[in-house]
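Every number in this text was worked out from the coordinates using simple rules, so none of it is lab data. Note that the coordinates shown come from a computational prediction; the quantities given were computed from them, not determined experimentally. Note: ideal-geometry Cβ built from the backbone for every residue, glycine included; neighbour counts use all protein chains shown.
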Number of protein chains: 2
Amino acid sequence: MLLQIGDTYKHEFRFSQDDVQKFADVTGDKNPLHLDADYAANTRFKRPIIHGHLSSSVFTRILGMEFPGEGSVYMKQETEYLFPMFVDTDYEVVFTVMTVDREKHIAEISGEVFIKGTSRRTIRGLATLMHQTKI
Amino acid sequence: MLLQIGDTYKHEFRFSQDDVQKFADVTGDKNPLHLDADYAANTRFKRPIIHGHLSSSVFTRILGMEFPGEGSVYMKQETEYLFPMFVDTDYEVVFTVMTVDREKHIAEISGEVFIKGTSRRTIRGLATLMHQTKI
């Protein structure tokens, strides 16, 4: 089924400290703000925060696998990190189709991440992607 | 030392298929375009491509650890994926300080990824980050 402007998709997720460690290992980003509780205690965050780039990976996961899913080709992403995110915390992302170009098979899809059950928004993003059959 | 407009920083990197698999595991993005050579052979890419979000993790790695490094707080990133990227290939990223706000300690730093030794640009990005002592 073709994506339509205004279509939405919701997904809940959380990350563990083990996920953060694995992400640090594979990307090489071993900033102690993400990995070292003692270090983080002396920052304004007071405890380790998740890498923003790990948090925003929910975009590639959902847009690549579920909405619109397999066949998506990423062209662009804009991501604003509005509020720190922590491990073992439930988050919800809400994607909304903002624009559709049927000739080029390109859509812009916004994504907003909230602390689950609250109006506290942690990430605001916009992805541009191509999908030959669903856009 | 304070970042100045026009400062640049270069870094070479590559990813292996094992890195791609680990990234898929931790983010949950198991799009076969990244993991399955037989599947990828039937796409216009002909072979598996690296997750764009893994490739662009070089921004968080370098900006978080080296330039300006520890203490960086990510506020925003815009990333354009211009050309597919593959495993076992040498890439080079060039970061350039574009704007500096000394009062807010915020800088915009562009990053361009090239296939090493060529003018083929694969990613163009712009990161906005805060650093209390280096910006």
Chain B: Lys pairs at Cα distance under 20 angstrom, eight or more positions apart or on different chains:
7
May I ask you to derive the relative contact order of chain B, considering only C-alpha pairs under 8 Å and at least 6 residues apart, and to give it as an integer percent?
30
B:D101 label points, 7 Å along Cα→Cβ, one per copy: pairwise distances from this copy to the rest in nm, shortest first?
3.0
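Starting from the exponent 0.38 and prefactor 2.2 Å, build the expected Rg for the stretch B:8-130 from its residue count and divide its actual Cα Rg by it. All intermediate terms of the calculation are to be shown ahead of the outcome.
Working: Rg = 15.4 Å, N = 123, 2.2 N^0.38 = 13.7 Å.
Rg over 2.2 N^0.38 Å, computed on Cα atoms: 1.13.
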What are the nm distances, shortest first, from B:R14 to its equivalents in the other copies, labels at 7 Å along Cα→Cβ?
4.0
Normalising by the residue count of the stretch A:1-48, find the relative contact order in percent from Cα pairs under 8 Å and 6+ residues apart.
21
Residue by residue, what Karplus-based ³J(HN,Hα) values in Hz, rounded to whole numbers, does the stretch A:9-24 have, using 6.51, -1.76 and 1.60 with θ = phi - 60° and x for Gly and Pro?
8, 10, 8, 9, 7, 8, 10, 9, 5, 5, 4, 4, 5, 5, 5, 4
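So how many Å³ per residue does the convex hull of the Cα atoms of the protein assembly as shown work out to? Please report the intermediate quantities before stating the final value.
Working: hull volume 34.8 nm³, N = 270.
Residue-normalised Cα hull volume stands at 129 Å³.
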So, in nm and shortest first, the distances from A:T43 to its counterparts in the other copies, with label points 7 Å along Cα→Cβ, work out as 3.3
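Average partner chain C-beta neighbours within 10 Å, per residue of B:101-114?
On the way: counts 0, 0, 0, 0, 0, 0, 0, 0, 0, 0, 0, 0, 0, 0.
Taking the mean over all residues of the peptide, I get 0.
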What are the ³J(HN,Hα) values, in whole Hz, obtained from phi via the Karplus relation 6.51 cos²θ - 1.76 cosθ + 1.60 with θ = phi - 60°, for each residue of the stretch B:62-78 in sequence order, with x given for Gly and Pro?
6, 5, x, 10, 10, 9, x, x, 2, x, 5, 10, 5, 10, 7, 9, 10
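Quote the relative contact order of the stretch A:3-81 in percent (integer), defining contacts as alpha-carbon pairs under 8 Å separated by 6+ residues.
Numbers: 44 pairs, mean separation 16.1, N = 79.
Averaging sequence separation for qualifying contacts and normalising by length gives 20 percent for the stretch A:3-81.
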Taking the rotation axis that maps chain B onto chain A, which residue of B brings its Cβ closest to that axis, and at what distance in whole Å?
B:E78, 2
Can you run phi through the Karplus equation (6.51, -1.76, 1.60; θ = phi - 60°) for the stretch B:121-135 and list ³J(HN,Hα) in whole Hz, with x for Gly and Pro?
8, 9, 9, 10, x, 9, 10, 10, 9, 10, 8, 5, 10, 9, 10
